[in-house]
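The structure appears right after this line, and notes come after that.
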Amino acid sequence: MLSNNNKVVFLATPLFRELETGIEEEMCNQKQTMSTLAFSMLQFLLLIICSLNSFSFADERLFFQCLSTSKIQRYQLANITYTPKSPNFPFVLDAYIRNSRFNTSRNIKPTIILTPWLENHVQPIVTCAKKAGLHLKIRSGGHDYEGLSYTSKTPFVMLDMQNLRSIDINIDQNTAWVQAGATLGELYYRIWRESKVHAFPAGVCPTVGVGGHLSGGGYGTMIRKYGLSVDHVIDARIVDAKGRILDRKGMGEDVFWAIRGGGGASFGVILAYKINLVPVPPLVTVFNVPKTLEENATDILYRWQYVADKLDNNLFTRAFLHPVPGKKAREFTARASFIALFLGDANKLVSIMNENFPELGLKKEDCKEMPWIKSVFFWAEFPDGTPETTLLSRKPVVSSAFKMKSDYVKTPIPRDALRGMFDIVAKSGTLQMMLNAYGGKMSEIPASATAFPHRAGNIYKIQYLLYWNESGPAVEKQNIDVIRNLHNYMTPYVSKNPRESFLNYRDIDIGSSDNGPNAYIQARVYGRKYFKDNFDRLVKVKTEFDPENFFRNEQSIPPLISKQ
């Protein structure tokens, strides 16, 4: 791990452990005793080749040969490199797989995993992968819903950013530099340690990685007051396909625009973002008021649609629809839980709600006042009294298989359609829907201000969720069909031409690309849904910044004509 003066403390390395366990000793002629801090170039290359013999791929060997002549010290390289024969390879791979759908024998595993400790480690990894013709994929928190950062249909190398996690808070300037591998929980904790009246507008899941969250837009419970996470990004560091570390000035305003909502993995390796912190009051207020169908949930939700985007900008509300057990065995009904964060006190919140949304019947006893940091635990559904240090844990609360989808709603859904929606949720016994209010600051920022386009005109965004614990292709298909059926039912009531989707809720159903000669045509299908009119500008930026399409995945931005 790193000390404060950025010196690397040597740990037992995966490649040395491979020799110690006797892997392919005959290729090496004999097991040698060597110093971990000083060994010859030939010996180092022999170690690498011994660990790669199962691949029989010249490109991996060329990759390590290139790295061995780079600025990465050899003992450091050995300490950040994992091959399938490394004892810790499964642990490193599995540690940040958040969707167990993609942790099966059917999924192609990376041929190499690299976990750099220093930003200047990333540069030669990129240039050597490009020289060797290797496909490089980048993972920060591992929360991408389709596993595109750690799975592929073809062989690939994974660059895991988990160790690049430093956070430098400057309260006097209301800013912070945050490396891509840091989690939201770590960021929130560090801000809280420095100030009780500062925060950052981002997501409710503490284990999400900063790199992917911010590059895809990033939103949370302060969206109506402060907008998106990317609306508060003021600088960044990125490694481009040439191996250069570029800041905002170096990359240019077009690239800086693209990596704020357009997905960083299409353009380079995001190393860090510089963000503006936002003020919060010493105490905020939350509530969670559930209403079943028998308690008139349908009519309350219908009314919510007319006020959700028009309430006080300090107030964010979410309607959470989910099945609950009915009166008979094995029977389900549906419930809508109305959840809120208000940047103010309970008395003011009750007054606002009773004036604008009396149908909910909010009472002061439904409300809880707390410091902003405690509201993070409320939204993450942690129990009362959870210590702040819990935000430093990288272990997800739930690790199961899931499928998620998204939609945007621009006109209120009719009552009859809501009844049908509730009915589908109830009968499924598993489906969930989160309806997140828009309006406020989101309606004030132009769609072209950042690559994220879903701004004015939206009442709310829908997230569809379905979790399951069973395994196997048949079970997976059955569950995915259930959520697709609900998504199909919603078609008449959501955005059209295109039917919009949220990039950070990755959904391979809306299209994919093989990154071949027809990549642009294929990418237009999902690109219009994710980025609307911003898609063509993203393609132009990609064409100029990464014309060979080195940084790519199944839903990346393609160059107009690839020089690959």
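Would you mind getting the accessible area per residue of the chain, heavy atoms of the protein chains only, 1.4 Å probe, in Å²?
41 Å²
When the gyration tensor of segment 383-422 is built from Cα positions, what are the square roots of 5 times its three eigenvalues, in whole Å, from largest to smallest?
Those come to 36, 15, 12 Å.
Near Lys441, which aspartates and glutamates are there with a Cα under 12 Å away, not counting those fewer than 8 places off in the same chain?
Within the straight-line limit of under 12 Å, Lys441 reaches these aspartates and glutamates: Asp231, Asp309, Asp312.
So for segment 341-391, Kirkwood radius off the Cα pairs, Stokes-Einstein at 25 °C and 0.890 mPa s: how many µm² s⁻¹?
D, rounded to a whole number, is 201 µm²/s.
Give the residue list of trypsin sites (Lys or Arg not before Pro) in segment 67-112 that are DSSP loop and have at most 14 other beta-carbon atoms within 10 angstrom.
Lys71, Arg106
Can you pull a Stokes-Einstein diffusion coefficient for segment 292-434 at 4 °C (1.567 mPa s), Rh from Kirkwood over Cα pairs, as a whole number of µm²/s?
So the translational diffusion coefficient is about 75 µm²/s.
What's the magnitude of the charge dipole for the chain around its Cα centre, counting Lys and Arg as +1 and Asp and Glu as -1 at the beta-carbon? Answer in Debye, nearest 20.
Computed about the Cα centre, the dipole is about 480 debye.
Rg/Rh for segment 288-348 to two decimals, with Rh computed the Kirkwood way over all alpha-carbon pairs.
When Rh is taken as the Kirkwood radius, the ratio is 1.07.
With a 1.4 Å probe and all protein chains kept in place, how much accessible area does Lys410 have, in Å² rounded to the nearest 10?
In the full protein context, Lys410 sits at about 70 Å².
Residues in segment 447-467, backbone N under 20 Å from the label point at Asn485 (7 Å along the Cα-to-beta-carbon vector): list them, ranges by number please.
Answer for segment 447-467: 463-467.
Mind checking the full-extension length gain between Thr69 and Ser195? Use 0.36 nm per residue of separation minus the Cα-Cα distance, one decimal, nm.
So the chain would gain 40.9 nm between Thr69 and Ser195.
Roughly what would the spin-label model give for Glu381 and Asn163, points 7 Å off Cα along C-beta, in nm?
3.5 nm
So if a site counts as exposed when it's one of the GluC sites (Glu not before Pro), its DSSP state isn't H, G, I, E or B, and it has at most 13 other Cβ atoms within 10 Å, what's the longest stretch of the chain without one?
1-330
Using a 1.4 Å probe and counting only protein heavy atoms, arrange Cys128, Cys66, Cys205 so the residue with the most accessible area comes first.
From most accessible down to least: Cys205, Cys66, Cys128.
Which value, in Å to one decimal place, does the Kirkwood hydrodynamic radius take for segment 90-174 when every pair of different Cα atoms is included?
14.1 Å
Given the convex hull of the Cα atoms of segment 220-308, what is a quarter of its surface area in nm²?
Convex hull of Cα atoms, orientation-averaged projection: 9.0 nm².
Determine the share of the chain's accessible area contributed by carbon and sulfur atoms, expressed in whole percent, with a 1.4 angstrom probe.
51 percent
Where does helix 415-428 land angle-wise versus the long Cα axis of the chain, in degrees 0 to 90, nearest 10?
Helix 415-428 sits roughly 50 degrees off the main axis of the chain.
Quote the Stokes-Einstein diffusion coefficient, in whole µm² s⁻¹, for the chain, based on the Kirkwood radius over alpha carbon pairs, a temperature of 37 °C and a viscosity of 0.692 mPa s.
132 µm²/s
Need the C-alpha centroid separation for segment 70-141 versus segment 468-547, integer Å.
26 Å
Estimate the FRET efficiency between Arg419 and Leu62 by the formula 1/(1 + (r/R0)^6), using the beta-carbon distance for r and 56 Å for R0, to the nearest 0.05.
Rounded to the nearest 0.05, the efficiency is 0.35.
Looking at segment 94-211, what % of its DSSP beta bridges pair antiparallel, to the nearest 5?
DSSP beta bridges in segment 94-211 are roughly 40 percent antiparallel.
My understanding is that a pair violates if its Cα-Cα distance is over 23 Å; which of Lys109/Lys461; Lys196/Lys274; Lys109/Lys395 do that in this structure?
Lys109/Lys461
Nearest 10 degrees is fine. How inclined is helix 58-68 to the longest principal axis of the chain, computing both from alpha carbons?
The angle comes out at about 80 degrees.
FRET efficiency for Asp247 and Glu294, Cβ-Cβ distance as r, R0 = 45 Å, nearest 0.05?
Efficiency, rounded to the nearest 0.05: 0.20.
Taking a spot 7 Å from the Cα of Lys368 along the direction of its beta carbon, which residues of segment 385-426 have an amide N less than 14 Å from it?
385-388
Mean residue ellipticity at 222 nm from the helices of the chain, using -39,500 (n - 2.57) per DSSP H segment of n ≥ 4 over the full residue count, to the nearest 500 deg cm²/dmol?
Per the formula, -9000 deg cm²/dmol.
Based on C-alpha coordinates, I'd like the Rg and Dmax of segment 376-499, in Å.
17.5, 47
The values are calculated or read from the model by the stated rules, or taken from the named source; none is laboratory data. On a predicted model such as this, the values are computed, not experimentally measured, just so you know. Cβ atoms come from the backbone with ideal geometry, glycine included; neighbour counts cover every protein chain shown. Just the protein is used for accessible areas: all its heavy atoms, side chains included, with ligands, DNA and RNA removed. Shrake-Rupley method; radii C 1.70, N 1.55, O 1.52, S 1.80 Å.
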